[in-house]
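The values are calculated or read from the model by the stated rules, or taken from the named source; none is laboratory data. Predicted model only: the values in this text are computed from it and were never measured. Cβ placement follows ideal geometry from the backbone for every residue including glycine, while neighbour counts extend to all protein chains displayed. Accessible surface is based on the protein model in full, side chains and every heavy atom, while ligands, DNA and RNA are left aside. Shrake-Rupley method; radii C 1.70, N 1.55, O 1.52, S 1.80 Å.
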Amino acid sequence: MSFKSAVITFPGSNCDRDALVYLKALTNGEVLNIWHEENSLPNVDLVIVPGGFSFGDYLRSGAMASKSKIINDLINHSKKGGYILGICNGFQILSEIGLLKGALIQNKRLKFLGKNCFIKKRYQSDFNCLINKDQVLKIPVAHNEGNFYCDDSDLKYLHDNELIAFEYCEGKFSNSIANINGSIDNIAGITNKDKNILGMMPHPERAFQNFHSSQDGKLILESLLS
Amino acid sequence: MNEDLIKQHGLTIDEFKIIHKYLKRDLSIEELGIFSAMWNEHCCYKTSKKWLKKLPTENNIVIQGPGENAGIIDLKDNDGIAFKIESHNHPSYIEPFNGSATGVGGILRDIFTMGARPIATLDSIRFGDITTDKTKYLLNGVVHGIGHYGNCIGIPNIGGECEFDSSYDYNNLVNAMAIGHVKNDRIFYSKPKTIGGLIVYIGSKTGKDGIHGASMASDVFSEDDEDEKRPSVQVGDPFMEKLLMEGCLELMSSGLIESMQDMGAAGITSSSVEMASKGEVGVLINLDKIPLREPLSPYEILLSESQERMLAVIEPENNEKVKSILKRWQIDYEVIGEITDTKRVVFSSKNKNVVDLPVNIIVDDAPEYDREFYIPKKRKINDFDLTNLNIENMVDNLFQNLNYLEKSWVFNQYDSTVMGDTIKEPGQSSGIVKIHDSDKVIGATTDCNPLYIRINPEKGMEYTVLESYRNLVCSNLKPLAITNNLNFASPHDPNIMGEIVLSINGLRKSASQLDTPIVSGNVSLYNQTNDRPIKPTPVIGMVGFNDNYENIISNKFQNESDLIILIGNTMSKNSSPYFLQDQLTVKKVTQFNELIDINYDLEKKNIKVLYNIFDHNLVTSCNDISRGGVFLTLIKMLQNNYGFNINIKDKFDIFCEYQAGYILTINKNDYGSIKNIFEKNQIEYQNIGEVTKESIEINSKKFDYFKILNDYLNNFEKIIN
């Protein structure tokens with residue numbers, strides 16, 4: 001069965017092309033690019049909300065994009081059980097919409113962070129089922145607001161319902177600590193309660209080709225396809 | 001017109017007399033503003049033109065040399081790359097965040113104005129003594145600004161350099177380079193074709209920022225200038241630039257644009273004059289039509305350097321289509337004038353012509369100076385006493401000096417993997433990106449050795465070009481062409497002028513020897529505060545090519561037990577300038593020995609043999625040797641907890657600079673084949689040791705592997721905080 005997918009582009013999105021390339025390389029179905037002013041999404045299995053600086057990050061990262069026309073139908077898509085993957089700014093947008101718990105605030109060190117980071121699976125979902133427990137993935141991050149924050153009751157909710165998909169960890173030959181941006185409980189990515197929506201700060205679409213410094217990003221889309 | 005007003009506009013009385021004699025009338029204040037903007041060094045190269053003309057700018061792959069927004073090189077199959085480097089030095093000292101951010105914005109516009117999609121940026125930044133709060137503030141602001149702009153617009157930053165030297169205490173340098181990919185049948189130029197074509201304004205509204213920015217950039221600072229000149233610094237909005245870039249590229253790929261010019265230095269004045277001059281036509285522009293952020297006088301509109309603005313010429317029947325594309329991208333758009341056949345630049349406001357000048361007096365009659373210059377004296381020969389130096393102190397010295405440390409604090413603030421085509425990220429000998437939808441790769445590096453150039457401007461420049469060349473060769477890239485950014489102090493000092501003249505001559509020699517033409521560039525003079533000049537800093541950006549990314553050689557160790565081979569000649573302890581400066585703290589430029597003569601034969605011989613052994617898959621990794629010698633090169637090659645064990649006869653040679661110097665690693669089993677090839681080509685080489693795991697040993701002295709690694713990777717951040 002062919003797997004159809006779409007990527008939404010907002011003004012200021014800059015990883016939309018990368019997400020399209022990622023989907024085209026690893027899925028066997030149609031891959032569509034949807035402009036944020038569209039009223040409805042086509043019938044697809046997966047929607048990627050890509051990284052970038054939608055609306056210049058003005059007001060707050062993701063805040064303006066969360067009010068775009070297309071968002072109503074994105075919410076419908078999620079209610080129908082369709083998959084959504086929000087990467088970086090996409091994660092921020094999904095949080096602003098309220099599809100995911102918590103918020104992404106400025107990195108603890110108050111600086112943009114662009115480097116390879118290391119993550120591993122915390123709780124299982126369709127997005128990480130091919131990844132072994134304790135398997136360390138190397139995937140780039142590039143963000144200024146990637147510090148995941150939520151209150152104690154939300155954190156308990158995330159743990160109780162096993163919604164933490166990925167957490168930062170130490171890698172080899174790395175002079176950095178595991179927690180690169182100050183996120184609570186090293187959280188790098190979370191799902192919603194139904195586990196059909198994943199928001200993550202690392203960019204799997206920058207780690208899958210043979211010339212990339214890692215191919216670990218494949219595992220996320222391959223998990224979904226498996 | 002009164003003399004003070006003329007001088008305030010950066011013109012000399014003699015220059016004013018030329019204008020007056022030609023026009024035979026007094027100038028309006030707006031016209032004076034135009035000459036001020038167009039006749040400064042930044043726009044008309046009046047000091048450097050005579051010498052720049054001597055540079056080689058052509059060969060069979062150059063599609064566009066200097067004179068357009070960027071140079072363009074042919075990569076075959078209709079692929080081309082556009083690239084250029086540009087300085088934003090003065091603004092970055094006065095307001096580091098916005099000054100450097102708009103430097104990135106400006107160079108990106110130069111690229112997409114030509115129809116090329118930017119695919120990479122690099123930056124070459126220099127600061128003074130890090131112990132001062134001022135330098136820390138500048139470093140933080142500049143890096144933040146470069147990152148902010150490039151990250152937001154989504155172009156990967158793939159490399160550059162960051163140097164500290166007290167000559168930059170009062171004049172830090174920010175040079176930004178950008179590279180774009182273009183289809184060769186879709187290149188756009190600034191030259192308009194149609195008389196009656198509509199001149200359209202695209203992008204941000206015009207405000208008061210940056211008025212007289214270009215003439216500020218052509219003046220010496222005095223210490224109290226900083227606050228006074230801050231309003232001349234432009235403020236950038238990378239989100240707007242992203243929209244502008246997508247909008248313009250869509251217009252160009254739809255064939256709706258006839259010509260385009262970005263409004264950079266000297267804003268609408270220089271962009272419209274440029275168009276008129278290139279097309280040998282006239283322009284008629286109604287200043288009342290310019291979209292404004294706030295009420296402005298005609299004078300202010302003409303000289304504003306507000307960012308993210310473009311001027312384009314379109315055929316009248318395309319007007320509605322252009323409008324609708326730009327509306328989708330939420331970009332301001334206005335028809336502001338037309339192309340005429342008068343060969344005059346005319347700006348009107350409220351039904352009155354406030355400027356009416358023939359194009360040729362602004363452009364062709366711009367002053368050109370042949371300034372007096374001195375050639376440096378011959379040097380005495382010194383033999384230096386190095387008895388106090390042992391390997392341990394030399395290692396310690398390096399790791400206490402910012403110039404030798406890993407600078408991930410800088411480049412981790414940049415997004416280097418966006419666009420998904422990055423192959424080598426910053427911190428390696430060159431950055432490398434793949435051309436999207438093809439196997440071709442482009443590598444780029446920026447370089448300058450100011451100390452070499454101060455010692456001998458001509459040879460120093462040749463060494464700089466050679467170092468860039470080696471940076472690319474060691475990844476198996478073929479260097480193609482150069483963009484240059486000539487940063488110097490005031491040319492009114494004949495010693496400085498000598499540095500300018502001789503280093504351009506060195507650039508000419510080396511570029512001719514290596515067949516790497518200069519296709520674009522920028523000149524930044526007056527980098528001087530009172531009597532404190534910067535070291536001569538002619539930065540070059542060089543691009544290299546390989547037609548398949550799979551041929552790229554790693555700069556880092558790949559396997560334990562690989563042999564480590566050294567080729568090239570040491571400059572030896574008495575003639576390695578950085579070694580002497582940083583290990584022996586030789587400070588005065590007069591104390592250094594003359595630079596060793598350039599040996600192009602050796603350089604070329606080594607390059608040729610490297611390509612040969614790369615082609616035979618005999619090399620597992622390779623890196624070139626520069627400041628910090630063999631030792632630092634090996635440290636840069638560490639990854640995955642690999643270490644090294646080496647032996648070199650003269651311990652100083654481990655830290656000295658090299659001619660044609662490279663380190664390569666090979667599988668033990670390939671040693672015989674390598675030996676054969678080297679002997680056949682008469683290459684002198686040394687098998688200096690092997691790759692180990694988690695250990696470092698030099699001439700039988702063991703070092704603490706994790707301490708060295710930790711110092712190298714983390715000391716930068718410790719020192720700057």
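For the range B:97-128, which residues satisfy the criterion of being out of contact with any Asp or Glu (no Cβ under 6 Å at 6 or more places or on another chain) and closer than 20 Å to residue B:532 by Cα? Listed by number, the residues that qualify are B:125, B:127. Considering the conditions (1) open to solvent by less than 50 Å² (accessible area, probe 1.4 Å); (2) outside any strand (DSSP E or B), residue B:76 is excluded by exactly one of them, (1).
Cβ separations smaller than 7 Å between residues 6+ apart or across chains give the following pairs from the range A:215-226 residues that are hydrophobic (A, V, I, L, M, F, W, C) to residues that are surrounded by fewer than 23 Cβ atoms within 10 Å (Cβ to Cβ) and in a helix (DSSP H, G or I): A:221/A:26.
Is it true that some residue in the range B:579-590 is touching a residue at least 60 places away in the same chain (Cβ under 8 Å) and in contact with an Asp or Glu (Cβ under 7 Å, 6 or more places away or on another chain)? Yes: one or more hits. Among the residues of the range B:92-122, those that are open to solvent by 10 Å² or more (accessible area, probe 1.4 Å) and farther than 25 Å from residue B:250 by Cα comprise B:93, B:95, B:97, B:98.
Residues in the range B:381-392 that are open to solvent by 40 Å² or more (accessible area, probe 1.4 Å) and either touching a residue at least 60 places away in the same chain (Cβ under 8 Å) or within 14 Å of chain A (Cβ to nearest Cβ) (or both): B:381, B:382, B:383, B:390, B:392.
When the helices (runs of 4 or more DSSP H) confined to the range B:167-254 are screened for residues that are open to solvent by 30 Å² or more (accessible area, probe 1.4 Å), at pLDDT 95 or above and not β-branched (Val, Ile, Thr), those reaching at least 2 such residues are found at B:238-253.
Counting only strands (runs of 3 or more DSSP E) wholly contained in the range B:418-470, the ones carrying 3 or more residues that are under 16 Å from residue B:540 (Cα atoms) occupy B:441-447. For the range A:170-207, residues that are touching an Asp or Glu at 6+ places or on another chain (Cβ under 8 Å), at pLDDT 95 or above and within 14 Å of another protein chain (Cβ to nearest Cβ) total 5. Checked against the criterion of being within 14 Å of another protein chain (Cβ to nearest Cβ), part of a loop (DSSP other than H, G, I, E, B) and open to solvent by 70 Å² or more (accessible area, probe 1.4 Å), the candidates A:110, A:130 yield just one match: A:110. Inspect all residues belonging to the range A:138-146 and state whether any of them is touching a residue at least 24 places away in the same chain (Cβ under 8 Å), buried (at least 20 other Cβ atoms within 10 Å of the Cβ), in contact with a Cys (Cβ under 8 Å, 6 or more places away or on another chain) and more than 12 Å from chain B (Cβ to nearest Cβ). Within the range A:138-146, one or more residues are touching a residue at least 24 places away in the same chain (Cβ under 8 Å), buried (at least 20 other Cβ atoms within 10 Å of the Cβ), in contact with a Cys (Cβ under 8 Å, 6 or more places away or on another chain) and more than 12 Å from chain B (Cβ to nearest Cβ).
Restricting to the range A:180-214, and then to whatever is surrounded by 16 or more Cβ atoms within 10 Å (Cβ to Cβ) and without any contact (Cβ under 8 Å) to a residue 24 or more places away in the chain, can you tell me which residue is nearest to the chain's Cα centre (by Cα)? Among those residues, the one meeting the criterion is A:186. How many residues, within the range A:65-83, are free of Cβ contacts under 8 Å to residues at least 40 places away in the same chain and either in a loop (DSSP other than H, G, I, E, B) or within 19 Å of residue A:103 (Cα to Cα) (or both)? Of the residues in that region, 6 qualify. Residues that are at pLDDT 90 or above, of a type in the set (S, T, N, Q) and part of a helix (DSSP H, G or I) do not occur anywhere in the range B:46-62. Annotation: residue A:48 fulfils all but one of (1) out of contact with any Leu (no Cβ under 7 Å at 6 or more places or on another chain); (2) buried (at least 24 other Cβ atoms within 10 Å of the Cβ); the unmet one is (1). Evaluated against (1) among the aliphatic types (A, V, I, L, M); (2) open to solvent by less than 10 Å² (accessible area, probe 1.4 Å); (3) out of contact with any helix residue (DSSP H, G or I) (no Cβ under 8 Å at 6 or more places or on another chain), residue B:125 falls short on exactly one condition, (3). Residue count for the range A:46-64 satisfying the condition of being within 15 Å of residue A:34 (Cβ to Cβ) and within 12 Å of chain B (Cβ to nearest Cβ): 3. Quick check on the range A:2-45: of everything there that is touching a residue at least 60 places away in the same chain (Cβ under 8 Å) and assigned to a helix (DSSP H, G or I), which residue is most open to solvent (accessible area, probe 1.4 Å)? Ranking the candidates gives A:25 first. When the range B:422-450 is filtered for residues that are more than 8 Å from chain A (Cβ to nearest Cβ) and charged (D, E, K, R), the ones remaining, listed by number, are B:424, B:437, B:439, B:440, B:447. Looking only at the range B:684-710, residues that are touching a residue at least 60 places away in the same chain (Cβ under 8 Å) and either farther than 16 Å from residue B:632 by Cβ or not in a strand (DSSP E or B) (or both) come to 13 in all.
Between B:100, B:124, which is of a type in the set (S, T, N, Q) and either assigned to a strand (DSSP E or B) or modelled with pLDDT under 95 (or both)? That would be B:124, the only listed residue that is of a type in the set (S, T, N, Q) and either assigned to a strand (DSSP E or B) or modelled with pLDDT under 95 (or both). Annotation: of all residues in the range B:1-21 being in contact with an Asp or Glu (Cβ under 7 Å, 6 or more places away or on another chain) and part of a helix (DSSP H, G or I), the one that is least open to solvent (accessible area, probe 1.4 Å) is B:13. When the test is whether a residue is assigned to a strand (DSSP E or B) and among the charged types (D, E, K, R), residue B:109 does not pass it.
Counting the residues of the range B:673-683 that are assigned to a loop (DSSP other than H, G, I, E, B) and surrounded by fewer than 19 Cβ atoms within 10 Å (Cβ to Cβ) gives 2. State which residue is nearest to the other protein chains (Cβ to nearest Cβ) when the search covers only the range B:398-412 and only residues that are assigned to a loop (DSSP other than H, G, I, E, B) and open to solvent by 10 Å² or more (accessible area, probe 1.4 Å). Within the range B:398-412, the match that is nearest to the other protein chains (Cβ to nearest Cβ) is B:412.
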